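In what follows, a structure is listed as structure tokens, so that the remarks can point back to it.
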Amino acid sequence: MRILMWYLAAVNLATWLVFGLDKWKAGAGKWRVPERTLLLLALVGGSAGALAGMLLFRHKTRKAKFYISVPVMFVAHCVLMAFLAFRVF
């Protein structure tokens, strides 16, 4: 369980940073992070970081595939973590 917690902390921090980097690059007119990469990071456990990045940086909040899928992934991850926590202990 400890390894899972470290993994989730790392992937959420990385996801949040990538959302911030993509927002900065969008404003600077530079190369962007593909949307597929942003969604994949959220899917592999970074949904909390993605949601925080969307809200804090006001990034990808108008795109339906983000404002629908990221919260759904977040709820799914929370349910999965609750299941694992109660099943393990």
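The values are calculated or read from the model by the stated rules, or taken from the named source; none is laboratory data. Given the structure is predicted, the values throughout are model-derived calculations rather than measurements. No Cβ is skipped: glycine too gets one built from the backbone with ideal geometry, and neighbour counts run over all protein chains shown. Only protein heavy atoms, including side chains, enter the accessible area calculation; ligands, DNA and RNA are left aside. Shrake-Rupley method; radii C 1.70, N 1.55, O 1.52, S 1.80 Å.
Details
- Flag if Lys25 is open to solvent by 70 Å² or more (accessible area, probe 1.4 Å) and either out of contact with any Ser or Thr (no Cβ under 7 Å at 6 or more places or on another chain) or at pLDDT 95 or above (or both): no
- Pairs are defined by a Cβ separation below 8 Å, a sequence spacing of at least 6 or placement on different chains, a first member in segment 25-40 that is under 13 Å from Lys63 (Cβ atoms), and a second member that is open to solvent by 70 Å² or more (accessible area, probe 1.4 Å) and not in a helix (DSSP H, G or I); the pairs so defined are Ala26/Arg32; Glu35/Lys63.
- Which numbered condition Thr61 misses (of (1) open to solvent by 50 Å² or more (accessible area, probe 1.4 Å); (2) at pLDDT below 95; (3) closer than 26 Å to Met5 by Cβ): (3)
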